[in-house]
Amino acid sequence: MYDVVAIGELLVDFIQEDPTDTGKRLYSANPGGAPCNLLAMMRRLGKEAAFIGKVGNDALGYMLRDALISQNIHVENLCFDSKVPTTLAFVSKNEEGDRTFSFYRNPGADMMLEYEEIRQELLTETRLFHFGTLSMTHDKNRSGTMRAVETAKNNGAWISFDPNIRELLWDSEALLREQMTWGFEMCDILKISDSELQWYTGEHDLDRGISELRKIRDIPLIFLTMGGAGSRAYYKEFYVEVPACHMWETVETTGAGDAFFGIVLSRILDEGMEHLNRKMLEHILKYANTGAAIVTSRKGALMVMPEKEEIEAAMIHTA
């Protein structure tokens, strides 16, 4: 029995570094992809984690496989494509410090995974199954992802969903909205950012935005991230809000949301979803905010997720 299985993209994040004295722009190659960043965080917290996905049969694909192995993530369902190369993402900062993404994925190997390549025991023997929208951008990976989610759900797994919107990867806004809606209908635990909520619902008031989501389906547990303002958890008839942790200077934000959700999901696996209360959710949010803040002080996402002891020591310091 696995604690968590995730399906989706495993890719190389080429993250912008400071320019050289001669003005050359440099990028460092970092293993990435939101589902695997999340799994790396959950492994740090002792959860048995496996990944379903595809990379190219190339040097970068094997680098990514080795990165997952180094994080003790099960890779028996990591497939290699001999015709399509490993997906790449170039991550740059604009003048305001916000990230911009340029993807080399036309096609990329992560798009080529088919349902028939998925080992069924990873769908039937997991407590939690996680996915996002990047594995639903095209017909082949969309079909495989949807069938995998349905199989896992039918076998009793909780379903977690992170939309992780990357508009440039979609043929149309309508298709993206359609897949997000399907994710909302299927999931038991949702993580969504304030900007994603506003984009989808058109509501700038966050509470009204959540209410609009709940008209699609009354998702049992919703986590809303608000950047430097902190995070919220919506459960039953109430929500709790916890401010962000600002102990460290932000270096790079890639992977912070994945660390947040990985911590949240680990704690929900420990606590269950039936009897949560305000105090429990506040503690979970503080824990997750702290872990996410640590990640923003580093570069590398998947490879630099914080240890449990590091998060807990920081929480004591800020108590």
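The values are calculated or read from the model by the stated rules, or taken from the named source; none is laboratory data. Because the structure is a prediction, the values reported are computed rather than measured. Every residue, glycine among them, receives a Cβ derived from its backbone with ideal geometry; neighbour counts consider all protein chains shown. Side chains are part of the model used for accessible areas, which takes the heavy atoms of the whole protein and leaves out ligands, DNA and RNA. Shrake-Rupley method; radii C 1.70, N 1.55, O 1.52, S 1.80 Å.
Near LYS93, which lysines are there with a Cα under 22 Å away, not counting those fewer than 8 places off in the same chain?
Qualifying lysines at Cα under 22 Å: LYS24, LYS299.
Can you tell me the accessible area per residue over the stretch 12-58, all protein chains present, probe 1.4 angstrom, in square angstrom?
Accessible area per residue, the stretch 12-58: 38 Å².
How much of the accessible area of the stretch 9-113, in percent, comes from carbon and sulfur atoms when a 1.4 Å probe is used?
Roughly 47 percent, rounded to a whole number.
As an exercise, identify the GluC sites (Glu not before Pro) in the stretch 194-300 lying in DSSP coil whose Cβ has no more than 12 other Cβ atoms within 10 Å.
GLU237, GLU249, GLU274
With a 1.4 Å probe and all protein chains left in place, how much of the accessible area of the stretch 242-319 comes from carbon and sulfur atoms, in whole percent?
Carbon and sulfur: 52 percent of the exposed surface of the stretch 242-319.
For GLY33, which sequence-distant residues (separation of 5 or more, or a different chain) have an amide H within less than 5 Å of its own amide H, given hydrogens modelled in the peptide plane?
LEU11
Ignoring ligands, DNA and RNA, what accessible area per residue does the stretch 122-213 give at 1.4 Å, in Å²? Don't skip to the answer; put the middle values down first.
On the way: 3510 Å² over 92 residues.
I get 38 Å² per residue for this part.
Kirkwood Rh over Cα pairs of the stretch 112-235 into Stokes-Einstein at 4 °C, 1.567 mPa s: D in µm²/s?
Roughly 86 µm²/s, to the nearest whole number.
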